[in-house]
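Report on the following structure.
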Amino acid sequence: MKIFAMLALVSAATVAGVAVAEQDVRRVVIQNTAVFDGESKELLRDHDVLVEGRLITAVGRNLEAGDATTIDGRSYTLIPGLTDAHVHLTLIDKPEIAIFKNDWVFNGAVAAKMAEQMLMRGFTTVRDLGGPVAGLKKAIDQGLVLGPRILPSGPLISQTSGHGDFEITDQYLAHAFPDTPSKQELFGWSFLADGVPEVTKAARLVLRTGASQIKVMVGGGVSSPYDPLDASQYSPEELRAIAAEAANWGTYVSVHAFTDAAANRAMDAGAKSIEHGPFLSRGTLQRMAAEGVWLSPQIFLTALTPEQLGIEGTPNGSKMEKVNENSTRVVELARELGVDIAWGTDTFGPADLQQNQSREFAARRQFFSDVEILRQATSGNARLFALAGERHPYRDGALGVIRPGAYADLLLVKGDPTQDVAVLGAPDANIHFIMKDGVIVKNTLLAQP
Ligand SMILES: [Zn+2]
């Protein structure tokens with residue numbers, strides 16, 4: 001894979017606070033291409049897109065581009081960089097291995113590689129819903145490591161024995177000895193907090209890591225050892241305390257919730273994003289639609305078998321089977337009721353599992369049109385990310401759209417994803433050009449006939 005680091009583009013506005021003369025700003029024009037702008041159903045045919053510095057500055061026919069570097073977009077479709085609303089970039093293996101067995105530098109090094117691979121699948125912005133990702137984000141933002149923009153949640157907040165309690169048995173007694181914190185808390189995977197004072201402090205510690213939103217586990221889940229799927233986690237008082245801290249910081253709470261009881265308690269406290277939700281009823285989904293609360297389902301993941309995830313025969317394997325039986329129904333209902341639906345995959349683990357991220361596109365075709373899926377993965381997720389308000393780390397341009405003033409996050413795709421979004425499932429073969437933040441990170445256009 002060719003990395004065009006030499007094309008690093010200078011910020012259009014300032015470098016180290018000093019105004020940059022216009023001739024110093026790198027300019028790239030993508031010419032004669034078909035543009036999916038992130039929203040409209042119809043492609044803009046034979047259009048040019050001008051990039052100056054980190055931003056798109058013009059979209060139109062036959063643009064005057066002067067000495068800009070030209071990219072011939074003919075016979076490709078230009079789409080905004082893809083986004084994923086539910087990833088765990090640092091979870092490079094099963095939780096019990098990544099958190100408790102692996103060396104932390106090994107985790108970091110592998111996570112950096114995974115982030116690069118994710119960018120090369122076309123994902124230029126992701127919302128990370130739990131794990132010690134702040135350092136990786138910093139290295140990516142500084143240009144030291146290739147990867148997507150990250151809206152980090154930092155450590156998950158979970159009650160003891162909740163969905164964020166991954167403690168392995170031989171370390172469990174550590175809780176009796178406060179001077180020897182568990183690795184899951186020490187390394188910033190999850191904070192186990194019980195009672196209003198502890199959850200308040202946990203929320204503040206999460207915000208101190210630079211979190212753009214707070215992730216809270218409010219009910220049972222598949223990948224954790226102690227919590228049955230039907231369990232509700234956290235009292236209304238605890239949830240209100242966490243949500244109040246999020247609101248004080250100008251942002252929101254996203255919750256892992258499977259059941260009506262868990263989701264409604266979280267919404268009562270003000271949660272804005274429900275992750276997974278396989279057992280939600282029509283009534284709860286109606287409430288979500290009415291109150292503008294997002295549903296973030298994972299459609300490809302819930303079509304996998306426990307064998308494919310390597311958890312067959314374990315308690316987590318049988319939990320997964322129950323979830324999978326219900327996931328199709330909830331997406332159909334949510335669509336019918338007009339709930340805002342995020343595009344997120346929750347694919348974590350080793351590289352072969354993370355590659356499944358791109359298969360979510362084809363998996364969604366049973367419920368949505370190609371354009372609807374593309375919108376979800378671009379401008380739709382960007383609306384969800386905007387709930388982070390002042391804590392959103394990337395506010396110099398719009399995300400998920402192609403228009404003047406948007407970040408220059410752009411992909412040239414072979415074929416027309418508005419007619420067949422599944423072409424994005426084979427990124428090596430079909431995504432020939434990737435630009436993030438005005439920097440070309442992949443360009444195999446010349447290799448094509
Ligand atoms: Zn997750």
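The values are calculated or read from the model by the stated rules, or taken from the named source; none is laboratory data. Keep in mind that what you see is a predicted model, and the values were worked out from it rather than measured. Note that each Cβ is placed from the backbone with ideal geometry, even for glycine, and that neighbours are counted across all protein chains shown.
State whether one or more residues within the stretch 359-382 are within 16 Å of the ligand (Cβ to nearest atom), under 29 Å from S281 (Cβ atoms) and outside the structural domain of Q286 (by TED's automatic domain parsing).
yes
I'm checking my understanding of the structure. Among residues of the stretch 191-213 that are within 21 Å of the chain's Cα centre (by Cα) and surrounded by fewer than 17 Cβ atoms within 10 Å (Cβ to Cβ), which one is nearest to L384 (Cα to Cα)?
Selected residue: G210.
Just a yes or no: is a residue in the stretch 345-358 crowded, with 18+ Cβ neighbours inside 10 Å, in contact with a Pro (Cβ under 8 Å, 6 or more places away or on another chain) and closer than 27 Å to G81 by Cα?
Among the residues of the stretch 345-358, at least one is crowded, with 18+ Cβ neighbours inside 10 Å, in contact with a Pro (Cβ under 8 Å, 6 or more places away or on another chain) and closer than 27 Å to G81 by Cα, which makes the answer yes.
Please state which one of L63, L91, L50, L129 is surrounded by 21 or more Cβ atoms within 10 Å (Cβ to Cβ), at pLDDT 95 or above, more than 26 Å from A429 (Cβ to Cβ) and not assigned by TED's automatic domain parsing to the domain that holds F361.
Exactly one residue qualifies, and that residue is L50.
With respect to the numbered conditions (1) within 16 Å of the ligand (Cβ to nearest atom); (2) part of a helix (DSSP H, G or I), which one is the sole condition not fulfilled by T347?
Condition not satisfied by T347: (2).
Considering the stretch 252-303 alone, what residues qualify as being in contact (Cβ under 8 Å) with a residue 60 or more places away in the chain, within 16 Å of the ligand (Cβ to nearest atom) and farther than 20 Å from S190 by Cβ?
W294, I299, F300
Cβ contacts < 7 Å: first residue over 18 Å from F191 (Cα atoms), restricted to the stretch 229-240; second residue assigned to a strand (DSSP E or B), any location; separation 6+ or different chain. Result?
Note: pairs meeting the criteria are A231/G219.
Do the conditions hold for D84, that is, is it of a type in the set (D, E), in contact with a Phe, Trp or Tyr (Cβ under 6 Å, 6 or more places away or on another chain) and part of a strand (DSSP E or B)?
Taking the combined requirement at face value, the residue satisfies it.
If the requirement is being closer than 27 Å to S358 by Cβ and either within 16 Å of the ligand (Cβ to nearest atom) or out of contact with any strand residue (DSSP E or B) (no Cβ under 6 Å at 6 or more places or on another chain) (or both), which of these qualifies: I79, I71, I99, I56?
Checking each option against the conditions leaves just I99.
Would you mind finding the one in T418, T347 that is β-branched (V, I, T) and under 19 Å from E116 (Cβ atoms)?
T347
Quick one: count up the residues across the stretch 120-140 that are under 24 Å from T444 (Cα atoms) and assigned to a helix (DSSP H, G or I).
Qualifying residue count, the stretch 120-140: 2.
Among the numbered criteria (1) away from the ligand (no atom under 16 Å from the Cβ); (2) assigned to a loop (DSSP other than H, G, I, E, B); (3) under 22 Å from P95 (Cβ atoms); (4) β-branched (V, I, T), which one does I311 miss?
Unmet condition: (1).
Do we find that P306 is in a loop (DSSP other than H, G, I, E, B) and surrounded by 15 or more Cβ atoms within 10 Å (Cβ to Cβ) in this structure?
For P306, the condition - in a loop (DSSP other than H, G, I, E, B) and surrounded by 15 or more Cβ atoms within 10 Å (Cβ to Cβ) - is met.
Taking into account only those residues within the stretch 126-145 that are within 17 Å of the chain's Cα centre (by Cα) and of a type in the set (V, I, T), which is farthest from the ligand (Cβ to nearest atom)?
Out of the qualifying residues, it is I140.
Does T284 count as of a type in the set (S, T, Y), farther than 17 Å from N381 by Cα and crowded, with 24+ Cβ neighbours inside 10 Å?
yes
For E336, are the conditions met, namely being loosely packed, with under 15 Cβ neighbours inside 10 Å, touching a helix residue (DSSP H, G or I) at 6+ places or on another chain (Cβ under 9 Å) and part of a helix (DSSP H, G or I)? I'd like the intermediate steps shown before the answer.
Details: loosely packed, with under 15 Cβ neighbours inside 10 Å: yes; touching a helix residue (DSSP H, G or I) at 6+ places or on another chain (Cβ under 9 Å): yes; part of a helix (DSSP H, G or I): yes.
Judged against the criteria, E336 is a match.
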